[in-house]
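What follows is one structure encoded as structure tokens, with my remarks underneath.
The values are calculated or read from the model by the stated rules, or taken from the named source; none is laboratory data. Source: prediction; values computed, not measured. Neighbour counts run over all protein chains shown; Cβ positions are idealised from the backbone, glycine included.
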Amino acid sequence: MNVVEVNVNPKRVKHDLKKQERSLLLRRFLSNKLMVTGSIIIVLLLLLAILGPKLTPFDPYEMVVKERLEAPSSHHLLGTDNFGRDLLTRIIYGAKVSMWVGFASALLSSIIGLAIGLTASYYRYLDNILMRICDGLLAFPAILFAIALMAVLGAKTENVIIALTIVFSPEVARIVRSRALVVREETYIEAIRSQGASAARIIWKHIAPNTISPLLVKATFVFSEAVIVEATLSFLGAGVPAPDPSWGNILSDGKDVIYTAWWMTVFPGLFIILSVLGLNLLGDGLRDLIDPQSSTK
Amino acid sequence: MYIYILKRIFSLVPVLFVVSIVAFLLIYLTPGDPVSVMLGQEATAEQIEALREQMGFNDPLYLQYFHWLINVLQGNLGDSYFMHMPVTTAIVEHLGPTLSIAVLAELIAILIALPVGILAAKHRGSLMDQFVMGFTLTGMAIPSFLFGLILMLVLGVKLGWLPVAGYQPLSTGFWNYLQYLLMPGLALGIIQSALIARMTRSSMLEVLNADFIKTARSKGVKERSIIYVHALRNALLPIITVVGQTFGLLLAGAVVIETIFNIPGIGQLVLNSIQSRDYAVIQGVILMVAFFYVIINLVIDLLYMLIDPRVGY
């Protein structure tokens with residue numbers, strides 16, 4: 001009797017497969033130079049937002065009238081603003097505000113959008129109602145809707161996050177729903193249902209994980225949109241209220257002195273462009289990574 | 001076909017219904033009592049109560065909505081308590097500059113985006129293509145108000161080519177009118193062209209890979225006519241969608257950008273209304289813009305039928 005014992009540990013195989021899959025993802029990530037660039041930009045900005053406040057010797061609120069509107073120098077690297085505050089310091093604190101608002105809005109609208117999208121895809125009788133509500137909300141251009149909401153809520157940083165969440169959740173809900181509609185038709189969902197799994201279990205345990213990839217891509221773009229809209233709102237005086245620094249309201253101060261102090265427009269502007277560019281590159285890259293066929297290259 | 005058109009128009013009803021509810025609730029949820037604001041500090045409680053009753057604020061919510069909706073459907077968006085005029089009048093008075101900027105920006109965007117997108121698709125992978133992709137990536141990362149500030153700094157402050165702020169109506173002469181609109185128009189248009197150029201490129205690339213293009217090539221059709229006759233016509237559908245959808249964005253963008261250039265359009269109206277807590281005006285404006293947006297999308301859908309007879313009804 002020759003019994004060949006094959007020692008296969010199923011756990012181990014699964015582990016190896018996962019490892020392989022992960023290294024494939026890593027290789028695809030590293031081969032996408034634009035995505036690597038985007039990630040580096042975002043990591044640097046996050047570091048700046050977190051560590052920056054500890055590194056700068058200046059106070060973002062302290063006004064030094066004697067030093068107002070100084071051009072960039074070795075003392076004030078990016079110059080000073082119209083109240084004599086160090087511009088680099090204000091931009092660093094602004095990064096904290098912008099990144100926080102962008103991240104929080106992306107996170108909240110992802111959670112709400114996920115819940116709405118999954119509900120709409122699973123309970124067909126709710127689908128029509130929920131999607132018509134989303135259509136209606138999406139008929140308002142994002143920036144105007146945000147302005148109107150801020151007019152009602154009042155200019156406050158937390159309110160910016162609330163307004164942006166209301167504006168962006170319907171977009172997320174649509175993406176999640178369209179993905180979930182495909183998933184719910186899969187045979188394995190049918191199998192799980194026939195075993196008597198509850199609706200909540202099917203939705204959250206089996207459908208939701210399959211919508212995470214498109215959700216993640218969308219969340220990245222919501223983040224970048226949110227940075228733009230927050231900057232616009234703050235620029236218009238309907239976002240982060242002075243004297244709290246935000247890139248948008250620094251630009252608003254800068255507009256009044258555009259004839260004399262170019263640095264107040266150029267530097268905060270560069271930071272907005274860099275962060276949005278970084279997030280967009282990251283989002284494009286994530287999309288290519290998850291769905292190589294949709295790549296536009 | 002007419003049935004399709006009717007169906008399409010009918011499908012707008014639920015969307016507009018939601019739009020109206022959102023706009024209505026927006027004002028309903030505003031903090032503070034509009035009546036006491038209207039009557040001022042010295043009003044007695046009885047006066048306030050009387051006006052509340054008179055204006056229907058004591059009615060149940062659905063009844064208030066219903067009355068409001070009837071008015072809106074008749075073109076009555078309420079009164080601006082701050083400017084003492086109907087909201088509709090205020091909007092119409094401020095609409096000219098905003099529409100001018102949006103239309104000008106759309107023209108500029110198309111003029112840049114189409115050739116650039118086609119060129120990039122034609123020479124795919126070339127330096128030119130990479131340059132165009134770089135342009136679109138950067139363009140999409142710049143908020144239009146920021147680009148407006150940069151243009152103001154360069155074209156207005158440093159070079160002095162264009163006036164930095166202000167507005168002259170068309171009646172003062174075309175050039176006079178145009179030179180004040182050119183900078184906001186350029187700012188919005190160039191930024192918007194990034195999106196349209198990207199769409200043009202990918203749409204052209206898709207069509208250029210199609211079998212009928214290969215057939216045309218093997219027949220010996222000239223490259224020029226392949227690109228501009230065969231491919232472009234087929235690539236136009238998604239391009240028109242983007243152009244149409246961006247018009248809504250441009251309208252919203254114009255609202256923001258005109259505040260930079262001190263142009264007395266809808267944007268200034270909105271900002272002033274925020275400051276004076278004149279919520280009826282804000283409500284009127286977003287209701288109008290959303291309505292525009294929905295109608296534009298309808299028009300695009302109907303345009304499809306003219307451009308592409310294959311679109312099924």
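Does at least one position in the range A:201-220 carry a residue that is in contact (Cβ under 8 Å) with a residue 24 or more places away in the chain, surrounded by 21 or more Cβ atoms within 10 Å (Cβ to Cβ) and within 14 Å of chain B (Cβ to nearest Cβ)?
Among the residues of the range A:201-220, at least one is in contact (Cβ under 8 Å) with a residue 24 or more places away in the chain, surrounded by 21 or more Cβ atoms within 10 Å (Cβ to Cβ) and within 14 Å of chain B (Cβ to nearest Cβ), which makes the answer yes.
This table checks each residue for (1) more than 24 Å from A:Val217 (Cβ to Cβ); (2) crowded, with 19+ Cβ neighbours inside 10 Å; (3) among the basic types (Lys, Arg); (4) out of contact with any Pro (no Cβ under 7 Å at 6 or more places or on another chain).
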residue	(1), (2), (3), (4)
A:Leu30	no, no, no, yes
A:Ser39	no, no, no, yes
A:Leu45	no, yes, no, yes
A:Thr56	yes, no, no, yes
A:Pro60	yes, yes, no, no
A:Met63	yes, no, no, yes
A:Lys66	yes, no, yes, yes
A:Trp100	no, no, no, yes
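Touching a residue at least 24 places away in the same chain (Cβ under 8 Å) and over 30 Å from B:Ala280 (Cβ atoms): which single residue out of B:Ile91, B:Ile108 fits that description?
So the residue among B:Ile91, B:Ile108 that is touching a residue at least 24 places away in the same chain (Cβ under 8 Å) and over 30 Å from B:Ala280 (Cβ atoms) is B:Ile108.
Which one of these is within 14 Å of chain A (Cβ to nearest Cβ) and either in a helix (DSSP H, G or I) or in contact with a Gly (Cβ under 7 Å, 6 or more places away or on another chain) (or both): B:Gly156, B:Gly160?
Matching residue, one of B:Gly156, B:Gly160: B:Gly156.
Just for helices (runs of 4 or more DSSP H) wholly inside the range A:118-194: which have at least 2 residues that are in contact (Cβ under 8 Å) with a residue 40 or more places away in the chain and touching a helix residue (DSSP H, G or I) at 6+ places or on another chain (Cβ under 7 Å)?
Fully inside the range A:118-194 and qualifying: A:124-138, A:142-153, A:157-183.
Looking at the structure I just gave you, is B:Ala120 in the same structural domain as B:Ala102 (by TED's automatic domain parsing) and over 30 Å from A:Thr265 (Cβ atoms)?
The answer is yes for B:Ala120.
Between B:Leu250, B:Leu205, which is at pLDDT 85 or above and crowded, with 24+ Cβ neighbours inside 10 Å?
On the way: B:Leu205 fails: crowded, with 24+ Cβ neighbours inside 10 Å.
Criteria check complete, one pass: B:Leu250.
I'd like the full set of residues that are in contact (Cβ under 8 Å) with a residue 60 or more places away in the chain, small (Gly, Ala, Ser) and either over 18 Å from B:Glu93 (Cα atoms) or part of a loop (DSSP other than H, G, I, E, B) (or both), limited to the range B:240-286.
Those that are in contact (Cβ under 8 Å) with a residue 60 or more places away in the chain, small (Gly, Ala, Ser) and either over 18 Å from B:Glu93 (Cα atoms) or part of a loop (DSSP other than H, G, I, E, B) (or both): B:Gly253, B:Gly265, B:Ser276.
Output the number of residues of the range B:204-237 satisfying the condition of being in contact with a Phe, Trp or Tyr (Cβ under 9 Å, 6 or more places away or on another chain), closer than 20 Å to B:Leu303 by Cβ and not aliphatic (A, V, I, L, M).
Selection size over the range B:204-237: 1.
Scan the helices (runs of 4 or more DSSP H) fully inside the range B:1-100 and keep the ones with 1 or more residues being modelled with pLDDT of 80 or more and not charged (D, E, K, R).
Correct list: B:2-10, B:12-28, B:61-73.
Mind checking which residues of the range A:221-266 are in contact with an Asp or Glu (Cβ under 9 Å, 6 or more places away or on another chain) and at the interface with chain B (Cβ under 8 Å from one of its Cβ atoms)?
A:Gly254
Restricting attention to the range B:260-299, which residues are more than 14 Å from chain A (Cβ to nearest Cβ) and over 30 Å from A:Lys255 (Cα atoms)?
B:Val299
It is to be established whether one or more residues within the range B:185-201 are touching a Gly at 6+ places or on another chain (Cβ under 7 Å), more than 23 Å from B:Gly253 (Cα to Cα), at pLDDT 85 or above and not in a loop (DSSP other than H, G, I, E, B).
Within the range B:185-201, one or more residues are touching a Gly at 6+ places or on another chain (Cβ under 7 Å), more than 23 Å from B:Gly253 (Cα to Cα), at pLDDT 85 or above and not in a loop (DSSP other than H, G, I, E, B).
Consider A:Lys19 carefully, then state whether it is modelled with pLDDT under 80, assigned to a helix (DSSP H, G or I) and loosely packed, with under 11 Cβ neighbours inside 10 Å.
Yes; evaluated as a whole, the condition is true for this residue.
Table: residues versus (1) of a type in the set (A, V, I, L, M, F, W, C); (2) touching a Pro at 6+ places or on another chain (Cβ under 6 Å); (3) not assigned by TED's automatic domain parsing to the domain that holds B:Met183.
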{"site": "B:Asn76", "(1), (2), (3)": "no, no, yes"}
{"site": "B:Ile101", "(1), (2), (3)": "yes, yes, no"}
{"site": "B:Ile112", "(1), (2), (3)": "yes, no, no"}
{"site": "B:Gly134", "(1), (2), (3)": "no, no, no"}
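Collect the residues in the range A:267-288 that are facing chain B (nearest Cβ under 9 Å) and modelled with pLDDT of 90 or more, keeping them in residue-number order.
Passing the criteria: A:Pro268, A:Gly269, A:Ile272, A:Ile273, A:Leu274, A:Ser275, A:Val276, A:Leu277, A:Gly278, A:Leu279, A:Asn280, A:Leu281.
Within 14 Å of chain A (Cβ to nearest Cβ) and either touching a His at 6+ places or on another chain (Cβ under 9 Å) or among the hydrophobic types (A, V, I, L, M, F, W, C) (or both), is that true of B:Ile191?
Numbers: within 14 Å of chain A (Cβ to nearest Cβ): yes; either touching a His at 6+ places or on another chain (Cβ under 9 Å) or among the hydrophobic types (A, V, I, L, M, F, W, C) (or both): yes.
For B:Ile191, the condition - within 14 Å of chain A (Cβ to nearest Cβ) and either touching a His at 6+ places or on another chain (Cβ under 9 Å) or among the hydrophobic types (A, V, I, L, M, F, W, C) (or both) - is met.
On the given criteria, is A:Ser109 closer than 24 Å to A:Leu44 by Cβ, of a type in the set (S, T, N, Q) and more than 9 Å from every other protein chain (Cβ to nearest Cβ)?
So A:Ser109 fails the test.
Can you find a residue in the range A:162-178 that is more than 30 Å from B:Thr30 (Cβ to Cβ) and aliphatic (A, V, I, L, M)?
The answer is yes; a qualifying residue exists.
Can you find, within the range A:112-147, the residue that is nearest to the other protein chains (Cβ to nearest Cβ) among those that are within 25 Å of A:Ala49 (Cβ to Cβ) and out of contact with any Asp or Glu (no Cβ under 9 Å at 6 or more places or on another chain)?
Step by step, filter the range A:112-147, then rank; the result is A:Ile143.
Condition check: out of contact with any Asp or Glu (no Cβ under 6 Å at 6 or more places or on another chain), outside any loop (DSSP other than H, G, I, E, B) and in contact (Cβ under 8 Å) with a residue 24 or more places away in the chain. Does B:Leu303 satisfy that?
On the way: out of contact with any Asp or Glu (no Cβ under 6 Å at 6 or more places or on another chain): yes; outside any loop (DSSP other than H, G, I, E, B): yes; in contact (Cβ under 8 Å) with a residue 24 or more places away in the chain: yes.
Yes; evaluated as a whole, the condition is true for this residue.
Looking at the structure I just gave you, is B:Glu206 more than 30 Å from A:Ser252 (Cα to Cα), of a type in the set (Asp, Glu) and in a helix (DSSP H, G or I)? Step through it out loud before you land on a result.
Values: more than 30 Å from A:Ser252 (Cα to Cα): yes; of a type in the set (Asp, Glu): yes; in a helix (DSSP H, G or I): yes.
When the stated conditions are applied, B:Glu206 passes them.
Does the range B:126-143 contain at least one residue that is modelled with pLDDT of 85 or more, in contact with a Phe, Trp or Tyr (Cβ under 7 Å, 6 or more places away or on another chain) and either of a type outside the set (A, V, I, L, M) or surrounded by 18 or more Cβ atoms within 10 Å (Cβ to Cβ) (or both)?
no
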